[in-house]
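Notes to accompany the following structure.
The values are calculated or read from the model by the stated rules, or taken from the named source; none is laboratory data. What you see is a predicted model, and the numbers here were worked out from it, not measured in a lab. All Cβ positions, glycine included, derive from the backbone under ideal geometry; neighbour counts span all protein chains shown. The accessibility values were calculated without ligands, DNA or RNA, using every heavy atom of the protein model including side chains. Shrake-Rupley method; radii C 1.70, N 1.55, O 1.52, S 1.80 Å.
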Amino acid sequence: MNNKGIYSLLPIMLISLFLIISGCSTTNTSKNTPTTDSATNAQQTDPSATEPTSEAKDKLSIMLDWYPNAVHSFIYVAQEKGYFADQGLDVEIQMPADTNDSLKLVAAGKIDLALSYQPQILLARGENIPVRSIAAVVRHPLVHLLTEANGNVSSPKDLEEKTVGYSSIPLYEAMVRTMISKDGGNPDNINLVDVGFDLIPSLASGQADAIMGGFINHEQLILEKEGHAMKSINPVDYGVPDYYELVLTASEAGIEAKKDQLTRFVKAVQEGQKYVTEHPEEALSILLAHENETSPLDPEIETKSLAILLPLMNEEGQPFGRQEMESWENVRAWLVEQDLIPESVKAEDAFITLQGE
């Protein structure tokens, strides 16, 4: 065939080739692409539509009372084990820049929750800071009067004519004075010195005969590890009401706006505390993985601390976090007696029950 004949057949050959390719393309599409509607196509192409709305988590923030330590294990366990997620919560855990700021930040709506102290809630309300406790975390005082075991103080009245260091909080001064009075001593006959955060050095060096503001699960353990045999005197034995050392706190406005989320938070930390109680070693491992680099933890101290804490946090036959009106009334009455809060502060306004049974 000459070149002219070839050139005359080219259009026919190109058309045939085009039809064959077109047919193959149609066949492949029908086999590999399922029939979809516009909504399905949108879900496949829009990344924001890949997760159902039911998976969206409610965000909550909580500020600790101090750097992470054994008492916070239940929170980190609830986060690590997915108990917050199971309750539909995305929880951010924060450390305070200043331990005195957390209640003000809660009241201002800057954070949702804070760990604070039962007397401090009543003191805050006396200053018109609208915060309320939603759960009791540690049911009994951790702050004891600490003194050398081989010293000259066997009971609070022995502090007359001696030096007591305390950590800048009027509450602790009131506790010391109450204890001495209840023991038959005269609190006006003591040398009360504000030592700030130097509780351990003041006692270890002998500058103070006793300290008030030290925790039996922290300062006492550190002093003992440093070779100081310690005597701890429980303030409850000498006229100070049996108060909740730590409580979970929210603002009145926050409780009104996020009552459901806060209730789910309490349910999640109840699960966290249950795990801590049943698996203390694993719980401490979780905590230690979250230690703050500026405040490293001593595993030995934290292990002993948790052993002290668990009996003071748990109440047999009762849900973790339970609060009693009687406790709030007793603490309120004592604070009024000490002229630390006005009579107008009411116990029933300072707490609310938000917990799963």
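Tell me whether the stretch 178-200 contains one or more residues that are basic (Lys, Arg) and in a loop (DSSP other than H, G, I, E, B). Give the derivation first.
So in the stretch 178-200, the residues basic (Lys, Arg) come out as 182.
If we keep only those that are in a loop (DSSP other than H, G, I, E, B) too, we end up with none.
No, every residue in the stretch 178-200 fails to be basic (Lys, Arg) and in a loop (DSSP other than H, G, I, E, B).
Looking only at residues of the stretch 64-110 that are of a type in the set (A, V, I, L, M, F, W, C) and more than 20 Å from ALA289 (Cβ to Cβ), we find that the one that is most open to solvent (accessible area, probe 1.4 Å) is ALA97.
Is the stretch 47-59 home to any residue that is closer than 25 Å to ALA253 by Cβ, modelled with pLDDT under 95, out of contact with any Ser or Thr (no Cβ under 7 Å at 6 or more places or on another chain) and among the small types (Gly, Ala, Ser)? So far as the stretch 47-59 goes, yes, one or more of its residues are closer than 25 Å to ALA253 by Cβ, modelled with pLDDT under 95, out of contact with any Ser or Thr (no Cβ under 7 Å at 6 or more places or on another chain) and among the small types (Gly, Ala, Ser).
Mind checking which residues of the stretch 272-284 are buried (at least 21 other Cβ atoms within 10 Å of the Cβ) and of a type outside the set (Gly, Ala, Ser)? Within the stretch 272-284, GLN273, VAL276, LEU284 qualify.
What pairs can you find where one residue is in the stretch 328-357 and free of Cβ contacts under 8 Å to residues at least 24 places away in the same chain, the other is assigned to a loop (DSSP other than H, G, I, E, B), and their Cβ atoms are less than 7 Å apart, with a gap of 6+ or different chains? Qualifying pairs under 7 Å: VAL336/GLU343.
A quick yes/no check of all residues on (1) assigned to a helix (DSSP H, G or I); (2) in contact (Cβ under 8 Å) with a residue 24 or more places away in the chain; (3) open to solvent by 20 Å² or more (accessible area, probe 1.4 Å):
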position	(1), (2), (3)
GLY206	no, no, yes
ASN217	no, yes, no
HIS228	no, yes, yes
VAL236	yes, yes, yes
TYR244	no, yes, no
ALA253	yes, yes, yes
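Inspect all residues belonging to the stretch 195-209 and state whether any of them is under 28 Å from LEU113 (Cβ atoms) and of a type in the set (Val, Ile, Thr).
Going through the stretch 195-209, the residues under 28 Å from LEU113 (Cβ atoms) turn out to be 196-197, 199.
Those left that are additionally of a type in the set (Val, Ile, Thr): none.
There is no residue in the stretch 195-209 that is under 28 Å from LEU113 (Cβ atoms) and of a type in the set (Val, Ile, Thr).
If you filter the stretch 167-177 down to residues that are of a type outside the set (A, V, I, L, M) and assigned to a helix (DSSP H, G or I), you find that the one that is nearest to GLU224 (Cα to Cα) is TYR172. So which of LEU262, LEU248 ends up being outside any helix (DSSP H, G or I), open to solvent by less than 70 Å² (accessible area, probe 1.4 Å), touching a residue at least 60 places away in the same chain (Cβ under 8 Å) and closer than 24 Å to ILE75 by Cα? That would be LEU248, the only listed residue that is outside any helix (DSSP H, G or I), open to solvent by less than 70 Å² (accessible area, probe 1.4 Å), touching a residue at least 60 places away in the same chain (Cβ under 8 Å) and closer than 24 Å to ILE75 by Cα.
Yes or no: the stretch 81-100 includes at least one residue that is more than 30 Å from ASN314 (Cβ to Cβ) and at pLDDT below 95.
yes
The residues of the stretch 315-357 that are open to solvent by less than 50 Å² (accessible area, probe 1.4 Å) and over 22 Å from LEU142 (Cβ atoms), listed by number, are VAL336, VAL345, ILE352, LEU354, GLY356.
From the list LEU312, LEU297, LEU306, LEU287, the one residue that fits, being open to solvent by less than 70 Å² (accessible area, probe 1.4 Å) and under 23 Å from GLN87 (Cα atoms), is LEU287. Look at GLU224 and say whether it is closer than 30 Å to ALA78 by Cα, open to solvent by 50 Å² or more (accessible area, probe 1.4 Å), more than 18 Å from the chain's Cα centre (by Cα) and modelled with pLDDT of 95 or more. So GLU224 does not fit the description; no.
Surrounded by fewer than 24 Cβ atoms within 10 Å (Cβ to Cβ) and under 31 Å from the mean Cα position of the chain (by Cα) - does that describe any residue in the stretch 145-165?
We begin by selecting, within the stretch 145-165, every residue surrounded by fewer than 24 Cβ atoms within 10 Å (Cβ to Cβ); these are 148-155, 157-158, 160-163.
Now drop any that are not under 31 Å from the mean Cα position of the chain (by Cα), which leaves none.
Looking through the stretch 145-165, none of the residues is surrounded by fewer than 24 Cβ atoms within 10 Å (Cβ to Cβ) and under 31 Å from the mean Cα position of the chain (by Cα).
Considering only the stretch 305-322, I want to know if a residue exists there that is more than 21 Å from LEU221 (Cα to Cα) and of a type in the set (Lys, Arg). Yes: the stretch 305-322 contains one or more residues that are more than 21 Å from LEU221 (Cα to Cα) and of a type in the set (Lys, Arg). Given the condition in a helix (DSSP H, G or I) and modelled with pLDDT under 95, answer yes or no: does some residue in the stretch 137-151 qualify? No; the residues of the stretch 137-151 include none that is in a helix (DSSP H, G or I) and modelled with pLDDT under 95. Screening PRO130 on (1) crowded, with 20+ Cβ neighbours inside 10 Å; (2) touching a residue at least 60 places away in the same chain (Cβ under 8 Å); (3) more than 27 Å from ALA289 (Cα to Cα); (4) in contact with an Asp or Glu (Cβ under 7 Å, 6 or more places away or on another chain) shows it passes everything except condition (1).
If you go through the stretch 112-127 and keep only what is touching a Leu at 6+ places or on another chain (Cβ under 9 Å), open to solvent by 10 Å² or more (accessible area, probe 1.4 Å) and either more than 23 Å from ARG322 (Cβ to Cβ) or in contact (Cβ under 8 Å) with a residue 60 or more places away in the chain (or both), you end up with ASP112, TYR117, LEU123, GLY126.
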